[in-house]
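Enquirer: Below is one structure. I have some questions about it.
All of the numbers you see were taken from the coordinates with simple rules; none came from a lab. Since the structure is predicted, the reported quantities are computational estimates derived from the model, not experimental observations. Quick reminder, even Gly has a Cβ in these numbers, built from the backbone with ideal geometry, and neighbours come from all protein chains shown.
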Amino acid sequence: MRLPYALLAAATVTIGLAGCTNTSNTPTNAPAPTTTNVPNTGTQTQADTDVNTQAPKATEPVQSDKLAVQKKHVELIFSDDNLMTQYKETHSISYEKEEDLPLLALKAWQKGPKSHKLVNLLPANVEIQSVKKDGNTAIVSLSSNVKQAANLGSTGEQFLMEQIATIMNQFGFKNTKIVLDGQATDTLLGHMDASTPTDPLTLSDVPQIK
């Protein structure tokens, strides 16, 4: 009777061990650990922050140093082609600075009249160098080649000097002294006295060209 009980006990122990072995070898279906993917935004520096938060600068208007161009009407004096009579002709002179007007007016006069009835007495190759103020007198400097360039007699030389003086008179000068290359001269063309200032014509007495 002892043998069957011993076999039964041994079988029970064997079955128990087998159960323990199967349980330890079976994989556990536990959930895998979850990984949170955090997007990589990079490291933002203080400079980046300043750039991103800085307000855009307003566009400032560009300042221009150029002065506005203005115009002034000046009576320029010309002679007829026979050197008998002098006439006035209205010209519009463009300028930026008012102090430049006397020189600009003389250069416009040198370019000649609009009317075909009139002639210009100062050749284009003579330079009008400057206009300076000496009290109430305008000092107008011409290049010295005027002696060779301007082929005029005494009447033509007188007209030339009077025309310059009359134009300068419209800018407040009482009279005009004409010099050559900045130096005083006794005469421009050899006929008339240029050592003293020339008086202008009375503008109202000068006829308007028609």
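Enquirer: In nm², what is the average projected area of the convex hull enclosing the Cα atoms of the range 70-202?
Expert: On the way: hull surface 29.4 nm².
Averaged projected area of the range 70-202's Cα convex hull equals 7.4 nm².
Enquirer: Counting other beta carbons within 10 Å of each Cβ, put MET161, MET192 in order, fewest first.
Expert: Working: MET161 24, MET192 20.
The order, fewest Cβ neighbours first, is MET192, MET161.
Enquirer: Among SER130, ILE93, MET168, whose Cα lies farthest out toward the positive end of the dipole of the range 70-202, if unit charges sit on the beta carbon of Lys, Arg (+1) and Asp, Glu (-1)?
Expert: Of the listed residues, the answer is ILE93.
Enquirer: Using the crude model of +1 on Lys and Arg Cβ and -1 on Asp and Glu Cβ, and no other charge, please compute the dipole size for the range 70-202 relative to its Cα centre, in debye to 20.
Expert: Numbers: 13 positive and 16 negative charges, 66 e Å.
In total the dipole reaches around 320 debye.
Enquirer: State which entries of LYS97/LYS177; LYS66/LYS174; LYS117/LYS174; LYS114/LYS177; LYS132/LYS174; LYS147/LYS210 exceed 25 angstrom in Cα-Cα distance in the structure shown.
Expert: Values: LYS97/LYS177 23 Å; LYS66/LYS174 32 Å; LYS117/LYS174 29 Å; LYS114/LYS177 27 Å; LYS132/LYS174 13 Å; LYS147/LYS210 32 Å.
Distance filter (> 25 Å) returns LYS66/LYS174; LYS117/LYS174; LYS114/LYS177; LYS147/LYS210.
Enquirer: Here's another thing I want to ask about it. Under 5 Å between amide H atoms, partner at least 5 residues away or on a different chain: which partners does SER130 have, H built in plane at 1.01 Å?
Expert: SER141
Enquirer: OK, next. Report Rg/Rh for the range 77-132, rounded to two decimals, where Rg is the Cα radius of gyration and Rh the Kirkwood radius.
Expert: Details: Rg = 12.2 Å, Rh = 12.3 Å.
That ratio is 0.99, to two decimals.
Enquirer: If you take every residue apart from TYR87 with its C-beta less than 10 Å away from the C-beta of TYR87, what net charge results, scoring Lys and Arg +1 and Asp and Glu -1?
Expert: Working: positive: LYS88, LYS117, LYS210; negative: GLU75, ASP80, GLU89.
Computed value for this residue: 0.
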